[in-house]
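Input: a single structure, listed below in structure tokens.
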Amino acid sequence: MTSSAGSAPVVAPGAAGVVRGHAWRTTWLLLAFMLVNFADKTVMGLAANPVMRDLGLTREQFGTASSAFFALFSLAALAGSFLTRTVRTSVLLLGMALLWSAAQLPMLIGAAGFGVLVATRVLLGAAEGPASPVALHHLYGWFEQKDRTLPTAVLLAGAAAGVAIAAPTLGVVIDHWGWRWAFGVVGIVGLVWAAVWLRYGAEGPLAPPVGRRRAPEPSAAGARTEAARVPYRRLLLSGTWLAAALGSFAAYWTLSAGLTWSADYFQEVGGLSLRGASLLIMLSALTKGAAMLVHGVLVQRSVKRAAAGLPPRLPWPSGVKTGLMMILAGAATVWFAATDVLWLKIVLLLGPLAVTDIILTVAATAVSRISPADRRGVTLGALTCVFALAGVLAPLVMGHIVDTGATVASGYFGAYGLMAGLVTVAGVAVTFFLRPERDARRLGTERPGDGPDSRP
């Protein structure tokens, strides 16, 4: 019933039970894909202290090496998303996983120094840039719009799961075999995932056709729709897309800064050991993943209530609720930076700070809602292209602020203050402008069966 990663989809759309089973198997495979993706990112931050010590780097230099990961990330995200119009997403995902491993394994060589580190991070970033939009575009070939929030949350929770699993595991690897083997381990795991995907990866029955000649998206009556003619300019200048991009940029800033500097922060400011810092990073990632999954479950329940004709429990647009959560997270970030009490930092980290990443799920489903299916890959890629710029800036800016502070603690206070302001401003924008249901109607891209706006 399924095909290999390079074949056309052969799952019949009418076989509902079979389709649902394959859809969720694909979701779990893509969850593992994202897990490997973020393990690749996490290894750099976990190895920060030994890498800086062995290679004689300042924090600003290390931040530069971390930012090198994002040198081509945004451009690759956009270019890879355009490839979804001519190359099957199953093939693109396989190629990315193979390139990830090729970028990690050279660090096993003892002579590999700062230059090799920077070069391999650039290659890794170029290979990982399209990962999220291509994986989401592939996933949406298996689920209708009204059913996408929960699988989207599961897939994006792979980011949290990758950090949660990688932090303690790679911490042990670094302690026992050195930081170079931490890079080697994630490279080998990437090869294992590629082998599994080659066997089980398949396109979904809802995936748009690829190639130069593309059929327009049909309406319920089978007629040609105006949605296929909506220019990218209108999609990318809509309030929903712009608010989604800014909110995701702020969330990715916190994510990238945390991956790079959390271990150093909790060791230098919090007084924890590498093992203690790794455990705390793991717990933080788990709470973020749990928050995304709980949000996904609530949205699915809201969809079922709407289908049953019941009113929403909280009749606010999803943008209002998500934006208010981001504003709460911004206030909590200031408190986190200001307090010297370690247990309070931990409570804030595992509590209100954990809801920031929910915007990544909301943004992806909102952009998908306003986009025609054959343009979805590009609009999602453009979203990633914009918010991934935070990955370039956050490690470098934060490293510079910490290095120029009177003390390490005061430098981190300034860096987290900047982060708090960014999250708060983004939260305000999301609150007032993220309206996918309204913009889909305005753009003429609303499709039958989309259902009401997500209102858990």
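Using mean Cβ contacts within 10 Å as the protection proxy, how do 324-333, 379-388 order, highest first?
379-388, 324-333
What nm value, rounded to one decimal, do you get for the distance between Val408 and Val172 when each label is placed 7 Å out toward the C-beta?
Taking the simple label geometry, Val408 and Val172 are separated by 2.7 nm.
Please list 127-138, 338-349, 252-263 highest first by mean number of surrounding beta-carbon atoms within 10 Å per residue. Provide the component values of the computation, followed by the final result.
On the way: 127-138: 27.2, 338-349: 14.6, 252-263: 25.6.
Highest mean packing first, the order is 127-138, 252-263, 338-349.
Report, in cubic angstrom per residue, the convex hull volume of the C-alpha atoms of segment 399-444.
Hull volume over Cα atoms, normalised by residue count, gives 76 Å³.
Compute the helix-to-body angle for 239-268: its Cα long axis versus the longest principal axis of the chain, expressed 0 to 90° and rounded to tens.
30 degrees
Express the accessible area of the chain per residue in Å², computed with a 1.4 Å probe while the remaining protein chains stay in the model.
Per residue, the chain has an accessible area of 38 Å².
When the accessible area of the chain is computed with all protein chains present and a 1.4 Å probe, what percentage of it is carbon and sulfur?
Its accessible area is 69 percent carbon and sulfur atoms.
Just to confirm the number: angle between the C-alpha axis of helix 408-433 and the first principal axis of the chain, 0 to 90 degrees, nearest 10?
10 degrees
Could you work out [θ]222 nm for the chain from helices alone, using -39500 (n - 2.57) per DSSP H run of at least four and dividing by all its residues? Round to the nearest 500 deg cm²/dmol.
Taking each H run of at least 4 residues, the total per residue is -24000 deg cm²/dmol.
Students often check this: by mean Cβ neighbours within 10 Å, which of 408-418, 358-368 ranks highest, and how do the rest follow?
Most protected by this proxy first, the peptides run 358-368, 408-418.
The values are calculated or read from the model by the stated rules, or taken from the named source; none is laboratory data. Remember, it's a predicted structure, so these values are computed and weren't measured experimentally. Note: ideal-geometry Cβ built from the backbone for every residue, glycine included; neighbour counts use all protein chains shown. SASA here: full protein model, heavy atoms, side chains in, ligands and nucleic acids out. Shrake-Rupley method; radii C 1.70, N 1.55, O 1.52, S 1.80 Å.
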